[in-house]
Amino acid sequence: MQTDPAMPLKPHQRTKLDDTDDALFYQSPRFVTHVDDGFIQQLTDLYREYLQPGMRVLDLMSSWVSHLPEDLTFADVVGQGMNGEELSRNPRLEHYFVQDLNQTLQLPLADQSFDAVLNSVSVQYLQYPEAIFTEIHRILKPGGVAIVSFSHRMFFQKAIQSWREGSEASRLELVKDYFQSVPGFSAPTAIARPAAPSLLPWLGIYSGDPFYAVIAQRMGNS
């Protein structure tokens with residue numbers, strides 16, 4: 001697999017602890033949310049800030065829920081994920097398709113066909129992010145927005161090494177680098193809201209999941 005030499009990932013940094021076929025790991029549906037309510041609310045609020053009614057939206061690496069604002073109606077919402085049963089249960093998706101982005105790096109979608117591409121709590125699993133972010137740029141319309149969000153949670157055995165062994169701050173920089181590796185994206189905007197320290201963890205009282213997001217737009221008129 002050829003990669004962009006400007007990318008910060010070396011071959012060993014793309015590796016996973018569990019290198020078996022991802023289709024096996026994701027073959028059973030998981031109808032759970034992988035972040036807490038506070039994270040979900042912040043993500044929905046962020047979407048409301050950047051998305052407009054009537055947009056065509058791609059939810060990349062989606063599942064049974066997309067966290068889109070309920071009061072916004074879109075022209076089309078397409079989902080891509082690893083489990084068809086999860087995707088079929090997502091009430092916001094008009095269409096969906098199953099694809100392993102670590103095996104098939106090109107999306108079966110037309111150039112400049114989406115106003116927004118979203119990726120929530122899944123970027124840590126991409127082994128060839130430079131290829132996928134190039135695809136995100138390709139399918140976005142000029143001025144279209146990409147929003148990548150994440151927290152500290154993950155399927156540890158399926159996350160790439162650079163993510164597993166990084167800090168929350170380094171992960172934020174890594175996603176910014178993914179955008180910056182692709183010509184034609186605007187300078188990425190980063191949002192960092194680390195979890196506040198909890199004084200009462202022994203009582204089961206926690207401060208909530210940290211919230212991170214990186215946003216960039218496709219520049220140009222064509």
Q) So which residues in the stretch 100-114 are under 16 Å from Ile139 (Cα atoms) and in contact (Cβ under 8 Å) with a residue 12 or more places away in the chain? A) Leu101, Leu105, Gln106, Leu107, Leu109, Ala110, Asp111, Gln112, Ser113, Phe114
Q.
Looking only at the stretch 133-191, how many residues end up being among the hydroxyl-bearing types (Ser, Thr, Tyr), within 22 Å of Lys10 (Cβ to Cβ) and touching a residue at least 12 places away in the same chain (Cβ under 8 Å)?
A. 4
Q: Quick one: which helices (runs of 4 or more DSSP H) lie wholly within the stretch 122-194 and hold at least 2 residues that are in contact with a strand residue (DSSP E or B) (Cβ under 8 Å, 6 or more places away or on another chain) and open to solvent by 30 Å² or more (accessible area, probe 1.4 Å)?
A: 168-180
Q) When only residues in the stretch 97-121 that are among the β-branched types (Val, Ile, Thr) and touching a strand residue (DSSP E or B) at 6+ places or on another chain (Cβ under 9 Å) count, which is most open to solvent (accessible area, probe 1.4 Å)? A) Val98
Q: List the number of the failed condition for Glu94; all other conditions in (1) out of contact with any Asp or Glu (no Cβ under 6 Å at 6 or more places or on another chain); (2) open to solvent by 30 Å² or more (accessible area, probe 1.4 Å) hold.
A: (1)
Q | Single residue of the stretch 55-81 satisfying the filter (open to solvent by 50 Å² or more (accessible area, probe 1.4 Å) and farther than 23 Å from Thr189 by Cβ) that is modelled with the lowest pLDDT | A | Trp64
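The values are calculated or read from the model by the stated rules, or taken from the named source; none is laboratory data. Nothing here was measured: the structure is a model prediction, and the numbers come from that model. Positions of Cβ are backbone-derived with ideal geometry, glycine not excepted, and every protein chain shown enters the neighbour counts. Note: accessible area is taken over every heavy atom of the protein model, side chains too, but ligands, DNA and RNA are not part of it. Shrake-Rupley method; radii C 1.70, N 1.55, O 1.52, S 1.80 Å.
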